[in-house]
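Taking it in order: structure first as structure tokens, then the write-up.
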Amino acid sequence: MSVLHLDQNGAMTGASARALTLLSLLQARRDWPGRVLADRLGVTTRTVRRDAGGPSGWTG
């Protein structure tokens, strides 16, 4: 996951907000198709994989 980043006004940047949203989605439901996550987050499937630490960061 990415580090929490704040702008000069103390608001979360897009990457930080996206990381927290991704964590929230994965806590609610473990199995998500990549395309659905990407659509929910407003990014590409490649960005979801990168944010999740995969595929090299995946285990199991």
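Nothing in this text is a laboratory measurement; each read-out follows from the coordinates by a stated rule. Computed from a predicted structure; not experimentally measured. Note that each Cβ is placed from the backbone with ideal geometry, even for glycine, and that neighbours are counted across all protein chains shown.
Numerical summary
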quantity: Table column - 3J(HN,Hα) (Hz), the stretch 18-27, Karplus curve with 6.51, -1.76, 1.60, x for Gly and Pro; calculated: 5, 4, 5, 5, 4, 4, 4, 4, 6, 6
quantity: Ranked by how many other beta carbons lie within 10 Å on average, peptides 31-42, 15-26 from highest; calculated: 15-26, 31-42
quantity: R46-T21 FRET efficiency (beta carbon distance; Förster radius 25 Å; 0.05 resolution); calculated: 0.90
